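A quick write-up on the structure given underneath.
The values are calculated or read from the model by the stated rules, or taken from the named source; none is laboratory data. It should be emphasised that the depicted structure is a prediction, and the values quoted were computed from it without experimental measurement. All Cβ positions, glycine included, derive from the backbone under ideal geometry; neighbour counts span all protein chains shown. To get the accessible areas, we keep the full protein, side chains included, count just its heavy atoms, and leave off ligands, DNA and RNA. Shrake-Rupley method; radii C 1.70, N 1.55, O 1.52, S 1.80 Å.
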Amino acid sequence: MFQFTEEQEMFRKALKKMLEKEAYPYYDEWEKNRDIPKSFWEKLGENGFLCPTVSEEYGGLGLDFGYSAVLIEELERVGASAASGIALHSDIVLPYIEAYGTEEQKQKYIPKSITGEWISAIAMTEPGAGSDLAGIQTTARRDGDYYILNGEKTFITNGIHADFVVVVCKTNPQAVPAYKGISLLIVDNGTIGFKRGKKLDKIGMHAADTGELIFEDAKVPVENLLGEEGRGFYYLMEKLQQERLIVAIETQIEAECCLDLTMRYVKERKAFGSRIADFQNTQFKLAEMATEINIGRTYIHSLLAKHIAGEKIVKEVSMAKWWISEMAKRVAAECLQLHGGYGYMEEYEIARRYRDIPVAAIYAGTTEIMKGIIAKQILK
């Protein structure tokens, strides 16, 4: 069974110390302003917390994914908005660059991403295509030394502030099956024909940058093709295992935070002359939630061990992503109920946690998509 090493716990201790100074005191303000300042990214970079798995050759620490799990957990404890964009940048986008990029691309994009000077995004979802990646309409036509990129992307994490975006597009719209025509292009901020749409107004994760991207005859240099033309779908499938494991870790922490908040509240709050914690119904609810949370934690640790060892665990990660995200939704609802009327007040943290959780059952593959993947795997 996986256990965090002594070195990883030292990494955690240093990270928590930094977050207590640079994140916790300002998080409510970030949520109110609906933005996380660039200076926070740079602080993480200065202290060596961004992109811990990137090889030392490009300025990283060359550590295993256990360190990334520590980063994700501690950012999520601050708040979902803090973890969302940073985890995507650090452990979703950068692995694409390191795995499939040319030497020139790695030298250009990785060092500044590690320092926090540059922020990255990946653009898959479109107004008419979410889970159905093969149905995307964004196209890139080769014209001499450039690809001419046209299309729209939406719900893009880090979309407004990104310095570069890995764009999923079709370089061969006639390909059969359609997914064989998909490629990945790196689009730099300032590219002619590339502009941002609106920053999206979400019901939760208010400080997280989520936006629309628009490409109108955007001129993308041919050397910005990531990997091979027509191989984009395969690259996405290879990397989605880690992305879905990240979401499972994030929602596991959310559930743990909700329970911790509620335990403190029911021990202090009194009704009918007794603590709410003394009522049998409360105790049963807490016992049920604690059990499910412990099951989730145990499963996360088993998957971390397998993922770090390089095992293919698509089925298991899909199970974790759907079950833990749905479990976290149940826990958040029960915890809000145990807070009574105070749970509905913005000044109580449980209200924010309750709002932030549901999207985890939608992005990186919906609960329904996860169940479809599991079914295919077990019916083979």
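Averaging the inverse of every distinct alpha carbon separation and then flipping it gives the Kirkwood radius. What is it for region 254-312, in angstrom units?
Working: mean 1/r = 0.0752 Å⁻¹.
In region 254-312 this quantity evaluates to 13.3 Å.
Accessible surface of M237, taken over heavy atoms with a 1.4 Å probe and every protein chain present, rounds to 80 Å².
Across region 188-228, Cα-Cα pairs more than 11 Å apart make up 71 percent of the total.
For D143 and T291, calculate 0.36 nm times their separation in residues minus their Cα-Cα distance, and state this gained length in nm to one decimal. Could the numbers behind the result be given before it?
On the way: separation 148, 0.36 × 148 = 53.28 nm, distance 5.82 nm.
The D143-T291 span can extend by a further 47.5 nm.
The 3J(HN,Hα) values that the Karplus relation (6.51, -1.76, 1.60; θ = phi - 60°) gives for region 341-351 are, in residue order, x, 5, x, 8, 9, 4, 6, 9, 4, 4, 5 Hz. Gly and Pro appear as x.
Amide H to amide H, with H built 1.01 Å from N, Y146 comes under 5 Å of V222, counting only residues 5 or more places away or on other chains.
Remark on A123: its backbone amide H falls under 5 Å from those of V166, V167, V168, a criterion applied only to residues 5 or more positions apart or on other chains, H modelled at 1.01 Å from N. Helix 103-114 and the long axis of the chain differ in direction by around 30°, with both axes built from C-alpha atoms.
Considering the chain, its Cα convex hull presents a mean projected area of 19.5 nm². Mean separation of Cα pairs under 8 Å and 6 or more residues apart, divided by the residue count, gives region 280-380 a relative contact order of 30 percent. Toward the positive end of the charge dipole of region 36-163, with +1 on the Cβ of Lys and Arg and -1 on the Cβ of Asp and Glu, the farthest Cα among Y58, V70, Y109 is that of Y109. Averaging Cα coordinates gives a centre for region 290-338 and one for region 185-239; these two points are 29 Å apart.
Taking 19 Å as the straight-line reach from the Cα of K371, the lysines in range (excluding those fewer than 8 positions away in the same chain) are K239, K312, K315, K321, K329, K380. The spread of Cα positions in region 167-305, taken along each principal axis and listed from longest to shortest, comes to 71, 35, 23 Å. Computed 3J(HN,Hα) for region 291-296, one whole-Hz value per residue from the Karplus formula 6.51 cos²θ - 1.76 cosθ + 1.60 where θ = phi - 60°, is 5, 4, 5, 5, 4, x, glycine and proline marked x. A DSSP coil position with no more than 13 other Cβ atoms inside 10 Å describes the following trypsin sites (Lys or Arg not before Pro) in region 256-326: K312. Between I119, N47, F215, the Cα set farthest toward the positive side of the dipole of the chain (charges on each charged residue's Cβ, about the Cα centre) is that of F215.
Please identify every one of the trypsin sites (Lys or Arg not before Pro) in region 1-71 that sits in a loop by DSSP and has no more than 12 other beta carbons within 10 Å of its own beta carbon. Don't skip to the answer; put the middle values down first.
Details: sites: R12, K13, K16, K17, K21, K32, R34, K38, K43; in loops: R34.
Qualifying residues, ordered by number: none.
Which residue fluctuates the most in the chain, going by a Gaussian network model with Cα springs under 10 Å, if the choices are V331, V266, V165? Result: V266 has the largest fluctuation of those listed.
The modelled label-to-label distance for the pair A14/E311, using points 7 Å beyond Cα in the direction of Cβ, is 3.0 nm.
Would you rank D356, D28 by solvent-accessible area, highest first, keeping every protein chain in place and using a 1.4 Å probe?
On the way: D356 5, D28 115 Å².
So, going from the largest accessible area down, we get D28, D356.
How big is the convex hull of the Cα atoms of region 127-223, per residue, in Å³?
93 Å³
The simple spin-label model puts a point 7 Å past each Cα toward its Cβ; for N189 and Q107 those points are separated by 2.3 nm. Taking the Cα atoms of region 221-380, the ratio Rg/Rh between the radius of gyration and the Kirkwood radius comes to 1.11. Ignoring aspartates and glutamates fewer than eight residues from K270 along the same chain, the ones with Cα atoms less than 16 angstrom from its Cα are D278. Using Cα-only point scatterers and the Debye equation, what is log10 of I(q)/I(0) for region 1-125 at each q in 0.13, 0.15, 0.17 Å⁻¹, rounded to two decimals? Debye intensities relative to I(0), on a log10 scale: -0.51, -0.67, -0.86. Springs join every pair of Cα atoms under 10 Å in this Gaussian network model of the chain, and among N158, N224, N33 the largest mean-square fluctuation is at N33.
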